[in-house]
Amino acid sequence: MKTFTLGGVHPEENKLSADKIIEVLPLPEKVYVPVSQSLGAPSKVVVEKGAMVKTGQLIAKGESFISANVHSPVSGKVVKVDDVIDSSGYKRQAVFIDVIGDEWEESIDRSPEIVSEITADRDTIIKKINALGVVGLGGATFPSHVKLMVPDGKKAEYLLINGVECEPYLTADHRLMLEKGEEMLIGISILKKALGVSKAFIGIESNKPDAIEHLKRLCANHQGIDVIPLKVKYPQGGEKQLIKAVVNREVPSGKLPIEVGCVVNNVGTALAVYEAIQKNKPLIERIVTVTGKSVAKPSNFMVRIGTPVSTLIEAAGGLPENTGKVISGGPMMGKALTSLEAPVVKGTSGILIMPAEESKRTQVLNCIRCGRCITACPMGLEPVLLAQLSENLLFERAEAERIMDCIECGSCHYTCPAGRPLLDYLRLGKNKTGLLIRNRVKK
Amino acid sequence: MSLLTISGSPHVHTQQSVKSIMYGVVIAMIPAIFVSVYFFGIDAARVLLISVLGCLFFEWIIQKYLIKGPVTINDGSALVTGVLLAFNVPSNLPMWIILLGALVSIGIGKMSFGGLGKNPFNPALVGRVFLLISFPVQMTSWPMPKALFGEGITDAITGPTTLGILKEGLDAGKTVQEIMASPTFPGYVNDLMGAQAGSLGEISALALLLGALFMLIRKIITWHIPAAYIGSAVVFSGILWMVDPTQFIDPLMHLLAGGMILGVFFMATDMVSSPMTARGQIVFGVGAGLLTIVIRVWGAYPEGVSFAILIMNAFTPLINNMFKPKRFGEVVKNG
Amino acid sequence: MNETIVFAVISLSAIGGTSAVILYFVAQKFKVIEDPRIDIVNEKLPGANCGGCGFAGCRAFAEEAVKTGDLSKLNCPVGGNDTMKDIAAVLGLEPEEKEPMIAVLRCSGSRVNAPQKVAYEGASSCAFAHVLSSGESGCPNGCLGLGDCVVSCKFDAIYIDDTTGLPVISDENCVACGACVTACPRSIIELRKKGKKDRRIFVSCVNTEKGGPAKKNCAVACIGCGKCVKECPYEAITLQNNLAYIDYDKCRLCRKCEPVCPTSAILELNFPPRKEKAAEAEKVDGPVTEG
């Protein structure tokens, strides 16, 4: 079975909610929709305080090339446009909406019928994806239309669909492949058409045999889409690792996947593309796994964007008594929340609740130079050296040692027997080195 | 509810810790400990006990009263050093020499550089070489072990090690074949099982290999250093042996006699003083293998493992700098 | 035996002598002619190589001073006026007086004033904690207390107070080199005039949130009410982004602003107790608060 070659670790999988059918979460009473939910420039609010909005109505417009539209996930009244405290405790502009009823925009096709015929042409597809606010749902939330516009001189050969879900605990993509497989495959065909490629691969780790089986069967009816089972290894869901695993090409340092003729999209994105093109539905809801060893009812929910995290936790049986940490995303790359009132955004793939005894880090000891972080690094870097360099503020040398190649997967910190916060320092170093590079470019 | 914790990802951590690694090494040394006690009797246990307690005591007293920092004697690293030091000395060594060795190992070899993780050289080897140079007589009078399946301890009799016999014989103008044919020569089977004169831990290649297997399975060590070390030693000694089998010892004897297996698996693989990248580890192993044979064949001492490893330890920072891991996206392969 | 010693002494002496001759000629040949004043200026400098002057070290500063022959743009914050006077004397220039400065911490978000809301774990680096989240108190601008400033200080002038969790800057040791100002990811530390008898008044807060949210996280946050702006007779206080700022060039240390601040965000340092000026203070209407 295929996998990537360099590094990687095997954290405990703990897929507690793998067999839980996706439940539609009841509408919350109010939502806070952050205006900027994707990479790139923030979008501009186009509704005013007191306005009535319908589900699917545009509320913030992306104004630059790399930015995405935001649509109202509910119908109701705009209470205010103000700052909301986001998951990291900083303020972000958001639209506060009180939910009234559930009235959708007329243009959206809400019937359960599957529309399999693709009538839209390439330009329409890209325009629509842009207009309906579709972004990468794997976590990085890169606006999808940008990925589909292959730069001049480059050619896309393969479309890779990321169904790896290598993060422990998370099962949102797994359930999506099982329950929305047909829609997703149509979405993939649409993406293929937009890119003008004839071949698409869906990479799935072998710990999801049911999804592999199911999609293989469905693929029989879809030309040029293959399911590729992959050996379980973290971080296979990383874009560069997935390309290496599936088509055995290495994206050069500092370059995008298109350099080796590949475009990678998440399974969730494929579904969002299907809904946008065939059903006119903007990206206003997503599947979120709520899980954790202490959680009463680990679940997969279909959630409207902007729903407070606390509402999701309530629906999964409430916050356990001994909670020490609440993470947005998976345990390897997720972000610890400072407040449970933070809203679900387009990039929220899961809410992981960790009991207090598991959320403490181990004691930090002297580095014993065992080199396990180097062995584990999927990018072939030396985390121990890079962490030292950034701790000592030697960012020029860190740049020469390719700190900017770090994908922040956390394998180094995971594997360190001395419990050193390697990734903390790497992040700091990346941040500062990035600044250094930008300043140099400006000059 | 207590306060929520905020920290950077990852939020999960492997079960392996410094402690588990160190105690894993200790577990891997248990077979060799049994073998040494079997062949050398209660004396071996005495040396082990003094060495271990000495190392723990010196680490404790230095951390507590000299550095005045946290005491970490329960992390197992001093224990490993203690056992390794005992493994590297003869079983009839006087107590005060062992304690001096423990003091040099821990005090100079490790703590003077800042403790675990900061030492450039393997602490046990620093202690061992210090003793070897300071007390050459005591350090090279090896008690004879009892016969492989025989009875009775031959307490007072001392004799040379396998390599010592060979070296002496060759210096006296005999051929390898003549020396190996003599009835007092231990031979391959005895060397494998441990019935040879020598330091506590190095006598039985089999027991050490058993421990090495455990460490490899538990992923405490990787194959790079041992494979490169043994590979280069075998190739180099093999070439010499093919040139003149009467003057040079065959590769198998090189492996089984002396501290080769002990050094390869338990001391060259010491993480602190060996390179961190796979490429670097291979270079380190090859270098140590070559040096070992060079010292054994042309050096004044019959044994070369300790010196070879210490010399390569000195090169470790350089190797770390020169042999970077293979970077992702370094070589662009299409297809 | 004796022969050996004699031979060793003679041969070593010979080697030594030959080397000395070679070295002498090499030194002559490759001599770098340098302005001798650089060495003299360098000796006058404190020699801490702190970089507070903007150069790589004291030597670089000395080279620049001698090369340009102009001290108006140069200043050694560590040595202060005395050193600059010495250097000016060496170079035959008129010394310029510069007001001594000191680093000031503009945050009073101690553990009591800004209670902990979440627990941070990880690298003890303010720069990283700043990137990760708003911090334990929830204030997005407040001091994180992980000591990047302490690490940056080469003069042992900063330490973290265990009870408040905030850095303390020592009046005696601080030389206003500005290393901590650059090190602080939240720009909390500022260089201000040291003031007569070390007396200083400043707004000890850099939070730009509106009054409500600011007050929610910290009892002594500046809420941008503007009372001090109105009170100041010298127009030294400005209000921007819900935050008051006292311009140290305009401030005359009249102490009128401090009593009117509803959250005690304005700090007075090293002033005598208010009672002496009680009459004046009462005129300005305001409770007497400790500095």
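Some points to look at:
- Screening B:Asp270 on (1) more than 11 Å from chain A (Cβ to nearest Cβ); (2) crowded, with 24+ Cβ neighbours inside 10 Å; (3) on the phi < 0 side of the Ramachandran plot; (4) in a loop (DSSP other than H, G, I, E, B) shows it passes everything except condition (1).
- Within the range A:337-354, the set of residues being part of a strand (DSSP E or B) and open to solvent by less than 10 Å² (accessible area, probe 1.4 Å) comprises A:Gly350, A:Ile351, A:Leu352, A:Ile353, A:Met354.
- Scanning the range A:254-267 for residues that are open to solvent by 10 Å² or more (accessible area, probe 1.4 Å) and of a type outside the set (A, V, I, L, M) returns A:Gly254, A:Lys255, A:Pro257, A:Glu259, A:Asn266.
- Near pairs, Cβ below 7 angstrom, 6+ apart or cross-chain, from the range C:136-155 (outside the structural domain of C:Lys117 (by TED's automatic domain parsing)) to any residue that is outside any helix (DSSP H, G or I) and open to solvent by 40 Å² or more (accessible area, probe 1.4 Å): none
- Flag for A:Gly330 being in a loop (DSSP other than H, G, I, E, B) and away from chain B (no Cβ under 12 Å): no
- Neighbours by Cβ (under 6 Å, 6+ apart or cross-chain): first from the range B:1-21, more than 7 Å from chain A (Cβ to nearest Cβ); second among the small types (Gly, Ala, Ser): B:Leu3/C:Ala119; B:Lys19/B:Gly76
- Residue in the range C:150-164 that is touching a helix residue (DSSP H, G or I) at 6+ places or on another chain (Cβ under 9 Å), closer than 19 Å to C:Leu243 by Cα, surrounded by fewer than 21 Cβ atoms within 10 Å (Cβ to Cβ) and modelled with pLDDT of 90 or more present: no
- Single condition B:Asn119 does not satisfy, out of (1) within 12 Å of another protein chain (Cβ to nearest Cβ); (2) outside any loop (DSSP other than H, G, I, E, B): (2)
- Residue check, A:Asp152 over 19 Å from A:Val246 (Cβ atoms) and either more than 14 Å from chain B (Cβ to nearest Cβ) or open to solvent by 40 Å² or more (accessible area, probe 1.4 Å) (or both): yes
Yes/no matrix, rows are residues, columns are (1) farther than 16 Å from A:Ser349 by Cβ; (2) aromatic (Phe, Trp, Tyr); (3) open to solvent by less than 10 Å² (accessible area, probe 1.4 Å):
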{"position": "A:Leu160", "(1), (2), (3)": "yes, no, yes"}
{"position": "A:Gly163", "(1), (2), (3)": "no, no, yes"}
{"position": "A:Thr171", "(1), (2), (3)": "no, no, yes"}
{"position": "A:Arg175", "(1), (2), (3)": "no, no, no"}
{"position": "A:Glu182", "(1), (2), (3)": "yes, no, no"}
{"position": "A:Ile186", "(1), (2), (3)": "yes, no, yes"}
{"position": "A:Leu191", "(1), (2), (3)": "yes, no, yes"}
{"position": "A:Gly196", "(1), (2), (3)": "yes, no, no"}
{"position": "A:Ile202", "(1), (2), (3)": "yes, no, yes"}
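- Residues that are more than 8 Å from every other protein chain (Cβ to nearest Cβ) and farther than 18 Å from B:Ser274 by Cα, drawn from the range A:364-387: A:Val364, A:Leu386, A:Ala387
- Residue within the range B:237-254 that is buried (at least 24 other Cβ atoms within 10 Å of the Cβ), among the aliphatic types (A, V, I, L, M) and either assigned to a helix (DSSP H, G or I) or free of Cβ contacts under 8 Å to residues at least 24 places away in the same chain (or both) present: no
- Filter result (within 14 Å of chain A (Cβ to nearest Cβ), among the hydrophobic types (A, V, I, L, M, F, W, C) and under 18 Å from C:Ala214 (Cα atoms)) within the range C:135-171: C:Cys139, C:Leu144
- Test result for B:Leu103, in contact with an Asp or Glu (Cβ under 9 Å, 6 or more places away or on another chain) and either at pLDDT 90 or above or surrounded by fewer than 18 Cβ atoms within 10 Å (Cβ to Cβ) (or both): no
Residue-wise test of (1) more than 18 Å from C:Ala157 (Cβ to Cβ); (2) among the hydrophobic types (A, V, I, L, M, F, W, C); (3) open to solvent by less than 30 Å² (accessible area, probe 1.4 Å).
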| site | (1), (2), (3) |
| --- | --- |
| C:Arg192 | no, no, yes |
| C:Asn241 | yes, no, no |
| C:Asp249 | yes, no, no |
| C:Glu268 | yes, no, yes |
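- The number of residues in the range A:290-309 that are within 12 Å of chain B (Cβ to nearest Cβ) and more than 30 Å from A:Ala376 (Cα to Cα) comes to 1.
- Of the residues making up the range C:71-79, none is open to solvent by 40 Å² or more (accessible area, probe 1.4 Å) and in a helix (DSSP H, G or I).
- Note on the range C:108-134: residues that are within 11 Å of chain A (Cβ to nearest Cβ) and either farther than 16 Å from B:Thr5 by Cβ or part of a loop (DSSP other than H, G, I, E, B) (or both) total 12.
- Of all residues making up the range B:273-303, the number that are open to solvent by 10 Å² or more (accessible area, probe 1.4 Å) and part of a loop (DSSP other than H, G, I, E, B): 6
- Tally, over the range A:17-30, of residues that are open to solvent by 40 Å² or more (accessible area, probe 1.4 Å) and either within 14 Å of chain B (Cβ to nearest Cβ) or among the β-branched types (Val, Ile, Thr) (or both): 2
- For the range A:311-328, residues that are under 20 Å from the mean Cα position of the chain (by Cα) and open to solvent by 10 Å² or more (accessible area, probe 1.4 Å) total 1.
- Taking the criterion of being facing another protein chain (nearest Cβ under 8 Å), among the polar types (S, T, N, Q) and farther than 22 Å from A:Glu358 by Cα, the only residue of the range A:389-443 that qualifies is A:Asn431.
- Among the residues listed as A:Val251, A:Val288, A:Val227, A:Val273, the single one being open to solvent by less than 10 Å² (accessible area, probe 1.4 Å) and free of Cβ contacts under 8 Å to residues at least 40 places away in the same chain: A:Val251
- The set of residues in the range B:1-45 that are touching a Gly at 6+ places or on another chain (Cβ under 6 Å) and either at positive phi or of a type in the set (D, E, K, R) (or both) contains only B:Lys19.
- Checking C:Lys117, C:Lys73 one by one, the residue that is outside the structural domain of C:Leu146 (by TED's automatic domain parsing) and basic (Lys, Arg) is C:Lys73 and no other.
The values are calculated or read from the model by the stated rules, or taken from the named source; none is laboratory data. As the structure is a prediction and not an experimental result, all values here were calculated from the model. Using ideal geometry, Cβ is built from the backbone for each residue, glycine included, and neighbour counts are taken over all protein chains shown. Just the protein is used for accessible areas: all its heavy atoms, side chains included, with ligands, DNA and RNA removed. Shrake-Rupley method; radii C 1.70, N 1.55, O 1.52, S 1.80 Å.
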